[in-house]
Amino acid sequence: MATSHPLPGPNDGNLETFSVVWLDAAINDTKFINAQRRIGKSIHYLKTFTKVDDCEKYLKSMHEGDRIVLVVGSSLGRILVPRVHQLRQIWSIYIFCMNKKNEEWVKHFSKIDGVTEELDEVVVLVLSIQDKSRSQRILDQPLALDIFDTRANQGKSSTELNGQFVHSQLLINCLMRMRSTPNDKADFVSFLKKAYAHNESNLTIVREFERDYTPNQALHWYTRPCFLFQILNKALRVQNVDVLYLIRFFIRDVGRQLEEYKLISPITLYRYQLMSKEELDALRNSVGQLISVNSFFSTSRDRDIAFFLLSAAGPSNNDCQKVIFEIHADPRLESIKAFADITSFSAIQNEEEVLMTLGSIFRLVSIRRHDLGWVIQMRLCSENDHDLKPIIDKIKYDVYGDDNARSNAGTYGHVLSLMGKYSEAEKYFNLIRSELCPDDKKLGACYQNLAILAAKKGNHDKSLELEQKALAIKREKLGSDDPHVADVLCNMSGSYYEKGDYKQALETCNNALAIYKRTLGEDDLKIAGCYLNMGSIHEKIGKNIEALEYFHKALSIQEKHLPSDHYSLGQSHQNIGMLQYLLGHSEVSLEHFKKALQTYEKSCASQDINFAYTYYGMGCVYISKKMFSEALMYSNKARDIFLKQLPPSHPSVFAVERNIQHIKRFTK
């Protein structure tokens, strides 16, 4: 349908990376308010404080990827600046004082870029950040990177590495596949007008964008020094999924232009960057591994310019390191992501820029010291050239079916659900539902997706209610013997199981299994899903041997059809591990739990509920082995995720809390 519906808004009032924070005891006096209004006409986000402690708390709460210009009165600055100067997010500091001669203390703080006695000069200094070249803004902004580490047992949980890598790739893929709708630009413009309602300079550009933007101007607008570049890159960096959905048409248009004008010969490119010591250390520990850059990646052909601009950035220090990326890219490789020389399209003609597609994957070849800082050598990889390709391809197939299928709000919700963002996913499933006609057969899939989310959040009454709606629609539209009907029945079986109605759960699961066998044969993956449910039900009614047989049947089918790191294999190992624990086979149990973790770490979000159930099971095993330190560690991990994903009254929360109290009694 072509009608527009209200879209979810941003979850953070500061849409851009750069913002201004102003601390002064007299900040609410008329002269200060007038200065703030002048700044507010050009700078999107200005926040004021009168008390040092409040300002310090706010600054420390900001993400280190933000870039804050701090304006502070001299007397309060003497207190605040020593406390916050080391923060990565503090980019520049200006001091407003009554007498410059009394401000010798400022010489000890390198981020103080100006001291002035005039409010007008404060305004000019703050607004000067708008005049920085695009190259300098790129240099100052953090990169959105994910690392895929192929090595085992590296100490850092790979849920922070490989799982993020997978889900960032899925999110980017979904955004790039988005279908066009007539209201895409209008919805985004409406959002911008509300966001910049009090910023006249930005509103002027918004109106120009509304009037003039077309898809073949995407690169021009991307390079233009205005809010668009800032909003897109911050949204990608912090994964603001609501803003990304609104700007999806622009992401798609930039990607299409890069594909249309892509380079066809091998090239070496350069990118200069300021990077925190922690970021650099993470890369130094990942030489030989894969890096995903989760933004459009701006580079230059000119090595000399790159090194010159880096040298002009000032010396490295303990908090901030200067680096050059040296990138070898060969577009002749199969399935390589596009990159293009965008100089002729750029709003800034003197910057010879090669732009690389969002989500490009690189092999980190080496990192070496240089007189100016560090040189990071990378090689652009084919999409076929990484170990996670089978798992990503399988999940893509689960989401899209057809490899060439376009995505919409529903598929976006599906991806967010895989990322563990259940509340956000629910919004987009409801959005696509609101766009469908009452008799559209796709409503069944919407209700089914919402039911799955409700079950993941522990609301099984709501899940059953939604499944009944999905079942009615699918039976009416597809007939009673269709595999999609069996899908709903299989999910309903899980809901009955969670509610403790094991008889109904078993009957419903048998009905689903019969349909699958008649329509899909004996060896389909959906049969495996039914066997998992049957195993869980038999375990609850005390038939552990039968349960174990069902779990092994499921695992046997999955191993034939799925990549070795698919999360469904993890679920089977998790179930077998729990059953082996109940049968008193603790070592076998731990072996399966560890296999489950290995698969989840490569394919699930770090807060996925599957982690919690595996951690809980491992805690149980270690309690039985009287290894209370390990038991407490895994039980606490399980509790942390349960409390984020489930209501406090959920039986799983009670169970893990009971285990923790039991452990503490033995360790007093």
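Only the coordinates and a few stated rules stand behind these numbers; no lab work does. From a predicted model like this one, the values you see are computed outputs, not experimental measurements. Reconstructed Cβ throughout: ideal geometry from the backbone, glycine too, with neighbour counts over all protein chains shown.
For the range 486-539, which GluC sites (Glu not before Pro) pass both filters: DSSP loop (anything but H, G, I, E, B) and at most 16 other C-beta atoms within 10 Å?
GLU522
Quick one: grab the alpha carbon gyration tensor of the range 436-549, order the square roots of its eigenvalues as a ≥ b ≥ c, and give me rounded if a/c is under 1.5, else prolate or oblate depending on whether a/b is larger than b/c.
Working: a/c = 2.47, a/b = 1.38, b/c = 1.79.
Oblate is the answer for the range 436-549, as a/c is 1.5 or above yet b/c matches or exceeds a/b.
Please name which of ILE541, LEU418, PHE362 has its Cα lying farthest along the dipole of the chain towards the positive end, using unit charges on Cβ (Lys, Arg +1; Asp, Glu -1) and the Cα centre as origin.
Positive-end residue among those listed: ILE541.
Would you pull out the residues with amide H under 5 Å of ARG224's amide H, same chain only if 5 or more places away, H placed 1.01 Å from N?
ALA347
For the range 18-133, what is the charge dipole size about the Cα centre, in debye to the nearest 20, if Lys and Arg each add +1 at the Cβ and Asp and Glu each add -1 at the Cβ? Could you put the intermediate results ahead of the total?
Working: 17 positive and 15 negative charges, 45 e Å.
So the dipole magnitude of the range 18-133 works out to roughly 220 debye.
How large is ³J(HN,Hα) for each residue in the range 115-122, as worked out from phi by the Karplus curve 6.51 cos²θ - 1.76 cosθ + 1.60 (θ = phi - 60°), to whole Hz, x for Gly and Pro?
With the stated coefficients, the range 115-122 comes to 10, 9, 9, 10, 5, 4, 5, 4 Hz.
Looking at the calculated P(r) for the range 158-265, what percent of the C-alpha pair distances fall above 25 Å? Walk me through the intermediate numbers first.
On the way: 1416 of 5778 pairs.
Result: 25 percent of Cα pairs exceed 25 Å.
Could you tell me the number of lysine pairs in the range 141-404 with C-alpha atoms less than 20 Å from each other, where the two lysines are 8 or more residues apart or belong to different chains?
Pairs that pass both the separation and distance tests number 11.
Using the Cα centre as the reference, give the magnitude of the dipole from point charges on the C-beta atoms of the range 562-668 (Lys, Arg: +1; Asp, Glu: -1; all else neutral), rounded to the nearest 20 debye. If you can, show how the numbers build up before the last one.
Details: 12 positive and 8 negative charges, 92 e Å.
Roughly 440 debye for the range 562-668.
Given the chain, what percent of its DSSP beta bridges are antiparallel, to the nearest 5?
Among the beta bridges of the chain, antiparallel pairing accounts for roughly 55 percent.
What's the extension gain from ILE348 to ASN216 if we count 0.36 nm per residue and subtract their Cα-Cα distance? Mind dumping the intermediate values first?
Values: separation 132, 0.36 × 132 = 47.52 nm, distance 1.68 nm.
My answer for the length gained is 45.8 nm.
For Cα pairs less than 8 Å apart in space and 6+ apart in sequence, what is the mean separation divided by the residue count of the range 480-561, i.e. the relative contact order in percent? Provide the component values of the computation, followed by the final result.
Values: 94 pairs, mean separation 22.4, N = 82.
Relative contact order comes out at 27 percent.
What are the extents of the Cα atoms of the range 141-404 along their three principal axes, in Å, largest first?
Largest first, the range 141-404 extends 50, 49, 37 Å along its Cα principal axes.
Could you tell me which of rounded, prolate or oblate describes the range 413-477, using a ≥ b ≥ c as the square roots of the eigenvalues of the alpha-carbon gyration tensor, with rounded for a/c under 1.5 and, failing that, prolate when a/b is larger than b/c and oblate otherwise?
Numbers: a/c = 2.41, a/b = 1.34, b/c = 1.79.
Oblate shape, in that a/c is at least 1.5 and b/c is the bigger or equal ratio.
Could you compute how fast the chain diffuses translationally, taking Rh as the Kirkwood radius over C-alpha pairs and applying Stokes-Einstein at 37 °C with viscosity 0.692 mPa s? Give it in µm² per second. Can you show the working numbers first?
Details: Rh = 27.6 Å.
Result for D is 119 µm²/s.
In square nanometres and to one decimal, what's the mean projected area of the convex hull around the Cα atoms of the range 18-133? Could you put the intermediate results ahead of the total?
Numbers: hull surface 26.9 nm².
Projected area, direction-averaged: 6.7 nm².
Could you tell me which of rounded, prolate or oblate describes the range 368-463, using a ≥ b ≥ c as the square roots of the eigenvalues of the alpha-carbon gyration tensor, with rounded for a/c under 1.5 and, failing that, prolate when a/b is larger than b/c and oblate otherwise? If you can, show how the numbers build up before the last one.
Details: a/c = 2.91, a/b = 2.22, b/c = 1.31.
Prolate, because a/c is 1.5 or more and a/b exceeds b/c.
Just to check I understand the Karplus step: with θ = phi - 60° and J = 6.51 cos²θ - 1.76 cosθ + 1.60, what whole-Hz values come out for the range 586-591, glycine and proline as x?
5, 5, 5, 4, 4, 4
Can you find, among PHE628, TYR613, LEU643, the residue farthest towards the positive end of the dipole of the range 562-668? Put +1 on the C-beta of Lys and Arg, -1 on that of Asp and Glu.
PHE628
By a straight-distance test (C-alpha under 22 Å), which lysines pair with LYS441 as possible cross-link partners, with residues fewer than eight away in the same chain excluded?
Those lysines meeting the cut-off are LYS427, LYS462, LYS469, LYS474, LYS477, LYS526.
Place a point 7 Å from Cα of ASP439 in the direction of its Cβ. Which residues in the range 478-495 have their backbone N less than 15 Å from it?
478
Using Cα positions and a limit of under 20 Å, work out the lysines in reach of LYS543, with same-chain residues fewer than 8 apart set aside.
Output for LYS543: LYS499, LYS503, LYS553.
For the charge dipole of the chain, defined by +1 on Lys and Arg C-beta atoms and -1 on Asp and Glu C-beta atoms about the Cα centroid, which residue among THR181, ALA554, HIS220 has the Cα displaced farthest towards the positive pole?
ALA554
With the contact rule set at Cα under 8 Å and sequence spacing of 6 or more, what percent relative contact order holds for the chain?
Across the chain, relative contact order equals 10 percent.
Tell me the Kirkwood hydrodynamic radius of the range 492-578 in angstroms, computed as one over the mean inverse distance between distinct C-alpha pairs. Present the calculation step by step, with values, prior to reporting the outcome.
Details: mean 1/r = 0.0777 Å⁻¹.
Result for the range 492-578 stands at 12.9 Å.
Applying a 10 Å radius around every beta-carbon, put 626-637, 105-116 in order of their mean neighbour count, most first. Each step should come with its number before you reach the end.
Numbers: 626-637: 17.2, 105-116: 15.2.
The peptides rank, most packed first, as 626-637, 105-116.
Using the Cα centre of the chain as the reference point, and only Cβ charges (+1 on K/R, -1 on D/E), how large is the resulting charge dipole? Debye, rounded to the nearest 20. Write down the numbers at each step before the final one.
On the way: 84 positive and 82 negative charges, 219 e Å.
Roughly 1060 debye, rounded to the nearest 20.
What is the distance, in nm, between label points placed 7 Å from the Cα along the Cα-to-Cβ direction at THR204 and at MET627?
6.8 nm
Residue-wise, which Karplus ³J(HN,Hα) couplings in Hz belong to the range 286-301, taking 6.51 cos²θ - 1.76 cosθ + 1.60, θ = phi - 60°, and x for glycine or proline?
10, 4, x, 9, 9, 10, 9, 9, 8, 7, 5, 10, 8, 9, 10, 6
Going by amide H atoms built from the backbone, whose H comes under 5 Å of the H on GLN321, apart from near neighbours?
The answer is MET275, SER276, LYS277.
Restricting to Cα pairs below 8 Å that are 6+ residues apart, what does the relative contact order work out to for the range 556-668? Please round to a whole percent. List each step's numbers first, then the result.
Values: 133 pairs, mean separation 23.6, N = 113.
It comes to 21 percent, rounded to a whole number.
What is the ratio of the Cα radius of gyration of the range 62-110 to 2.2 N^0.38 Å, where N is its residue count, to two decimals? Working shown, then result.
Numbers: Rg = 11.1 Å, N = 49, 2.2 N^0.38 = 9.7 Å.
Here the Cα radius of gyration is 1.15 times the empirical estimate.
May I ask for the Rg/Rh ratio of the range 250-382, computed from Cα atoms with Rh as the Kirkwood radius, given to two decimals? Walk me through the intermediate numbers first.
Working: Rg = 14.8 Å, Rh = 15.4 Å.
Ratio value, two decimals: 0.96.
Rounded to whole Å and sorted largest first, list the principal axis extents of the Cα atoms in the range 562-668.
45, 31, 20
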